[in-house]
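Beneath this line is the structure, given in structure tokens, with notes to follow.
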Amino acid sequence: MKKLKSTLPNMVIVLTVTTMIAGFLLGYVYQSTAGAREKASNEKLTGAIRDVVPGFDNDPAADKTSLTAGGKQVTVYPAIKDGELIGCAVESSSDNGFSGKITIVAGFDRDGNILGYQVTSHAETPGLGAKMNEWFRGEGHRSVIGRNPSAKALKVSKDGGDVDGITAATISSRAFLEAVNTAAEGANEYYRQTSK
């Protein structure tokens, strides 16, 4: 086989063909794994809902509702046991994290108290902002569990609030609490709509 001359047109042709083949293969793999990725995402969401609002016997994902809270779209997953609404899980987010968007699922009882939370996606710094999934369950002023953000919005102590933010990760802490406060507004709005 004769070797191609190393000319500009030959290099452009080889590079174009290689790029097209690589692009096709990447697209094929992306399309062929779409179902598995969606299934994994749904399982992660279902697990998060079970963690933050235990004890329901319905399918919250099938009964979900989207509404606006704090100027943002949130998704509310009602938790029903024996035909009675016992609470809800709210998926909320903040775009103000140190490294971008933070998405959470927070659970609330009928009075608006936080039952639990799960951080479902973020790009925060490992060892700093990434600690938020455990940090805000800690002892004392760190914990948001049991608090009612509708009575008093949650803020880090550096901003005059009473929640101890993650050391050296104030921006991540602010974004996390913003998402929790938005979720609380969503839960309260959902409870108002369903009590009519």
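Results, tabulated for the structure shown:
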quantity: Any hit, the stretch 145-153, residues being basic (K, R) and either under 15 Å from Q118 (Cα atoms) or assigned to a loop (DSSP other than H, G, I, E, B) (or both); calculated: yes
quantity: Single condition G97 does not satisfy, out of (1) more than 19 Å from N148 (Cα to Cα); (2) touching a Phe, Trp or Tyr at 6+ places or on another chain (Cβ under 7 Å); calculated: (2)
quantity: Residue in the stretch 102-125 that is touching a Phe, Trp or Tyr at 6+ places or on another chain (Cβ under 9 Å), over 13 Å from A184 (Cα atoms), among the acidic types (D, E) and crowded, with 17+ Cβ neighbours inside 10 Å present; calculated: yes
quantity: Check on G138, over 18 Å from K64 (Cα atoms) and not in a strand (DSSP E or B); calculated: yes
quantity: The lone exception for D57 - which of (1) surrounded by 20 or more Cβ atoms within 10 Å (Cβ to Cβ); (2) not in a helix (DSSP H, G or I) it fails; calculated: (1)
quantity: Tally, over the stretch 69-91, of residues that are over 16 Å from the mean Cα position of the chain (by Cα) and part of a strand (DSSP E or B); calculated: 8
quantity: In the stretch 156-179, the residues that are crowded, with 18+ Cβ neighbours inside 10 Å and assigned to a loop (DSSP other than H, G, I, E, B); calculated: D164, G165, I166, A169
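Only the coordinates and a few stated rules stand behind these numbers; no lab work does. Note that this is a predicted model, so its numbers are computed, not measured. Counting neighbours? That spans all protein chains shown, and the Cβs are built from the backbone with ideal geometry, glycine included.
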